[in-house]
Amino acid sequence: MTNTIRYDRGADGIVTLTLDDPTQSANTMNRAYAASMSVALDRLEAEHDLAGVIVTSAKSTFFAGGDLPEMIRATRADAPDLAALLGTIKRDLRRLETLGRPVVAAVNGSALGGGLEIALACHHRIALDAPGSRLGLPEVTLGLLPGAGGVTRTVRMLGLASALTTVLLTGRRMRPTDALSVGLVDEVVATPTELLERARAWIAANPHPAQPWDRPDYRMPGGTPASRSLAAQLPAFPATLRKQLKGARLPAPEAILAAAVEGAQVDLETALTVETRHLIGLLTGQVAKNMIGAFFFDLKAVNGGAARPADVDAAPVRRLAVLGAGMMGAGIAYACAKAGLDVVVKDVTPEAAGRAREHAERLLARAVRKGRTTEADARAVLDRITTTDQVDALAGCDVVIEAVFEDPALKQRVFAEVLPVLAPDALLASNTSTLPITGLAAGVDRPADFIGMHFFSPVDRMPLLEIVVGERTGDVALARAFDLGRRIGKTPIVVNDGRGFFTSRVIGKFIDEAVGMVAEGVPAASVEQAALQAGYPTGPLALADEVSLTLIQRIRRQFEAASEEFRPLPAHRLVDELVDAYDRPGRAAGRGFYSYDDGTRGRLWPGLADLITDAGRAVPFTDLQERMLFAEALDALRCLDEGVLRTETDANIGSIFGIGFPAWTGGVIRYVRQYAGGPAGFAARATELAGIYGDRFTPPADLADRLAALRAEPADVA
Ligand code: NAI
């Protein structure tokens, strides 16, 4: 097997273990690592006059996490083999920390998951403050738990409550300085030379170290569950977790909580075994596969440019124009300036345009306050944003992103106005959330350069960009839009044109279904709970208020006017009554499905009960949840059929990152694949729902065959 760890003994008696897998750009905890570490430990234990050990890496990162291509394939039959592998990895890390000689982790770059677990088995951790370096145990975000001692050692280092809340349950990826303040590392240094110097100095000063938990006087910070004070707090842990997850039942956080609490009551070796067993439960379950599939493989494919035309050269953006300084325009301008682009924002008056700078000032002031940026860097970002009400100020811009009101005539007019002053080949992008791109492009004489760049609100926080390719959009425009999206740190999915594209259309089905249930007489609170417990980040009625019921109404009316496919639904009537008869247009007005006092969401409006016309049959809770999930999944399947979606990878990523489809599913199409019984099981259940609740749930014929013909799971092609 490949050796992934170089072993060098210096004249000073210090052995440096350099993690350097020759077959990969990053080190991972694969079988080759396990075998190499065993060999390294054999040699270390046989050394005479060993002064100490430095563990470092030859890659730009220290060490990534587990071997995900292997992990995603794990089945129940693999459990004994996986347990043996984890046993070997843990045994060797234990040998390392009980070597009797000082072992220092010189963490030269990101140490996430397995990488941090190796460092935790060292006596002392020094992290280089390298740009972009992140430390943490993000396993929970992949439906896993840190199973190479990460749960066991963080609990013993930080105490149960602190390890759970700051490290294990959040999966937070920390900058080195944050890892220092949490206590995960002992020192942070500025240069690689210092890193090694400090490591040697620590070894010289600490010839016989032991881990805190191996010392006779060890006490777990905050006490063990057997201590009275912690025992009194323990019952609150699961309740707090459930509250944090808003009632959703997710296997990984529950397993982490269990492994941490159980492990804190037993000796270290037993705790490590407990941790392994919980990890294997997760690894062989469905949710981890869903999440690894989406958050690792799909995300890598999307960000890696699977949808970008490969034969178009990159053309850097020099100066970018944003039309409209509203919520979206200001957000887009800030995101671009932050990424180092010069931005000119135009609105109808200097004051209106000035709001883009005010928005940036607010966000930058907050970033400075929180230590995320410096005054000087913040000033530089702000200096890149100019605002204007004059068309001439946009002279020479090579990209324009339009974000004026959602009105096709206005959008065409502003493009016509600015086209003459822009660079002759400028990319023409619209941030419309629903209007077909092909129609908007009809107003310009270069439709090949016209494209949709649909951002999500708030732009600085939402990672998704939905790029919309119109009928006449060219490959060069697509490549440029994609590159710009990546440049500003977004995850760009690429879809074809259609009303509402993919995201706005599918989220509309979610809201329609939920509001429809309220119209049927299901208590609104039950609808919200059903969604939250299914793993949606926000209840659909709260979301509808957020979007604004007026906007929902306007989009539907545009659809009604433009398409013969429009069908009236009970949800439409309910929204109309709320807006037109009861003046409850949504959050911005302070009243919608909910009441808002001082801007914060209060109670559901009791008057809703009077708006129900249907007799109201009892709908099982699972049906409430599956009606929402299926409504979205079935429409996503239609999007694939109609060619609005080009790939299911884009569907999965777009649904999770753009419209809050529950993360545990691994995305809206993976939800269909992973449903009990697979796509055939999904189709059978959809047919059942159609029988009870209506034709909209009728699944496409031969669904299972069609999905089988589509791309295989990423792990199979990795
Ligand atoms: P907004 O109402 O906050 O801002 C629109 C801005 O456009 C206003 O500042 C207005 O003064 C300006 N404007 C109007 N006519 C103009 C003209 N002739 N020249 C320059 N500026 C002009 O609207 P918002 O929410 O920012 O939406 C803008 C666009 O983004 C719409 O197409 C919307 O559908 C889309 N969008 C909105 C999202 C949201 O969550 N609000 C999400 C994604 C896209």
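The values are calculated or read from the model by the stated rules, or taken from the named source; none is laboratory data. None of these values were measured; they are calculated from a predicted model. Cβ placement follows ideal geometry from the backbone for every residue including glycine, while neighbour counts extend to all protein chains displayed. Ligands, DNA and RNA are excluded from the accessible area calculation, which covers all protein heavy atoms including side chains. Shrake-Rupley method; radii C 1.70, N 1.55, O 1.52, S 1.80 Å.
Summed over the range 431-459, residues that are buried (at least 17 other Cβ atoms within 10 Å of the Cβ) and within 25 Å of the chain's Cα centre (by Cα) total 10. Within the range 374-382, identify whether any single residue is within 22 Å of Lys338 (Cα to Cα), within 15 Å of the ligand (Cβ to nearest atom) and of a type in the set (Ser, Thr, Tyr), and answer yes or no. The answer is no; no qualifying residue exists.
If the condition is being of a type outside the set (Lys, Arg) and modelled with pLDDT of 95 or more, then the range 445-455 contributes Pro447, Ala448, Asp449, Phe450, Ile451, Gly452, Met453, His454, Phe455. Figure legend. Inter-residue proximity from the range 123-152: first residues over 23 Å from Ile89 (Cα atoms), second residues acidic (Asp, Glu), beta-carbon distance below 9 Å, spacing 6+ or different chains. Indicated pairs: Leu128/Glu194. Inspect the range 82-96 for any residue being part of a loop (DSSP other than H, G, I, E, B) and surrounded by 15 or more Cβ atoms within 10 Å (Cβ to Cβ) and give the result as yes or no. Scanning the range 82-96 turns up no residue that is part of a loop (DSSP other than H, G, I, E, B) and surrounded by 15 or more Cβ atoms within 10 Å (Cβ to Cβ).
Restricting the search to the range 535-550, which residues are small (Gly, Ala, Ser), assigned to a loop (DSSP other than H, G, I, E, B) and either open to solvent by 10 Å² or more (accessible area, probe 1.4 Å) or farther than 22 Å from Tyr671 by Cα (or both)? Hits for the range 535-550 are Gly535, Ser548.
Suppose the filter is buried (at least 18 other Cβ atoms within 10 Å of the Cβ), away from the ligand (no atom under 16 Å from the Cβ) and more than 30 Å from Asp650 (Cα to Cα); does Val368 pass it? Considered against the rule, which asks whether it is buried (at least 18 other Cβ atoms within 10 Å of the Cβ), away from the ligand (no atom under 16 Å from the Cβ) and more than 30 Å from Asp650 (Cα to Cα), Val368 comes out as no.
Name the residues in the range 217-237 that are more than 16 Å from Leu164 (Cα to Cα) and either of a type in the set (Val, Ile, Thr) or surrounded by 11 or more Cβ atoms within 10 Å (Cβ to Cβ) (or both), would you? Scanning the range 217-237 gives Tyr218, Arg219, Ser227. For the range 200-214, indicate whether the set of residues that are in contact with a Phe, Trp or Tyr (Cβ under 7 Å, 6 or more places away or on another chain) and either open to solvent by 40 Å² or more (accessible area, probe 1.4 Å) or not assigned by TED's automatic domain parsing to the domain that holds Glu275 (or both) is non-empty. Yes, that holds for at least one residue. Checking each residue in the range 102-115 for being touching a Lys or Arg at 6+ places or on another chain (Cβ under 9 Å) and either closer than 26 Å to Asp12 by Cβ or of a type outside the set (Ser, Thr, Tyr) (or both) picks out Val104, Ala105, Ala106, Val107, Asn108, Gly109, Ala111, Leu112. When the range 433-492 is limited to residues that are among the charged types (D, E, K, R) and free of Cβ contacts under 8 Å to residues at least 60 places away in the same chain, the one that is nearest to the ligand (Cβ to nearest atom) turns out to be Arg461.
Taking the range 316-332 as the range and being hydrophobic (A, V, I, L, M, F, W, C) and either surrounded by 15 or more Cβ atoms within 10 Å (Cβ to Cβ) or touching a strand residue (DSSP E or B) at 6+ places or on another chain (Cβ under 9 Å) (or both) as the test, the residues that pass are Val317, Leu320, Ala321, Val322, Leu323, Ala325, Met328, Ala330, Ile332.
Summed over the range 109-138, the residues that are touching a Leu at 6+ places or on another chain (Cβ under 7 Å) and over 22 Å from Ser60 (Cβ atoms) give a count of 1.
Could you list, in sequence order, all residues of the range 1-18 that are part of a strand (DSSP E or B) and free of Cβ contacts under 8 Å to residues at least 60 places away in the same chain? Across the range 1-18, the qualifying residues are Ile5, Arg6, Tyr7, Asp8, Arg9, Val15, Thr16, Leu17, Thr18. From the list Leu241, Leu282, which residue is within 14 Å of Glu139 (Cβ to Cβ), aliphatic (A, V, I, L, M) and in a helix (DSSP H, G or I)? Within the list Leu241, Leu282, the selection yields Leu282.
Residues in the range 387-399 that are more than 25 Å from Val468 (Cβ to Cβ), touching a residue at least 40 places away in the same chain (Cβ under 8 Å) and more than 14 Å from the ligand (Cβ to nearest atom): Gly396 only.
Restricting Arg472, Arg413, Arg480, Arg461 to residues that are under 28 Å from Ala360 (Cα atoms), among the basic types (Lys, Arg) and touching a strand residue (DSSP E or B) at 6+ places or on another chain (Cβ under 9 Å) narrows the list to Arg480.
Out of Ala531, Ala481, Ala525, one residue alone is outside the structural domain of Leu245 (by TED's automatic domain parsing), crowded, with 21+ Cβ neighbours inside 10 Å and closer than 26 Å to Lys246 by Cβ. It is Ala531. Note on the range 420-430: residues that are open to solvent by less than 20 Å² (accessible area, probe 1.4 Å), within 35 Å of the chain's Cα centre (by Cα) and either more than 11 Å from the ligand (Cβ to nearest atom) or touching a residue at least 60 places away in the same chain (Cβ under 8 Å) (or both) amount to 4. The listed residues are Glu361, Glu417, Glu402, Glu406, and the only one of them that is within 10 Å of the ligand (Cβ to nearest atom), open to solvent by 10 Å² or more (accessible area, probe 1.4 Å), within 29 Å of the chain's Cα centre (by Cα) and charged (D, E, K, R) turns out to be Glu406. On inspection, Ala294 does not qualify as among the small types (Gly, Ala, Ser), open to solvent by less than 20 Å² (accessible area, probe 1.4 Å), within 16 Å of the ligand (Cβ to nearest atom) and not assigned by TED's automatic domain parsing to the domain that holds Ser655. Might you check whether a residue that is β-branched (Val, Ile, Thr) and within 16 Å of the ligand (Cβ to nearest atom) occurs anywhere in the range 323-336? Scanning the range 323-336, I find at least one residue that is β-branched (Val, Ile, Thr) and within 16 Å of the ligand (Cβ to nearest atom), so the answer is yes.
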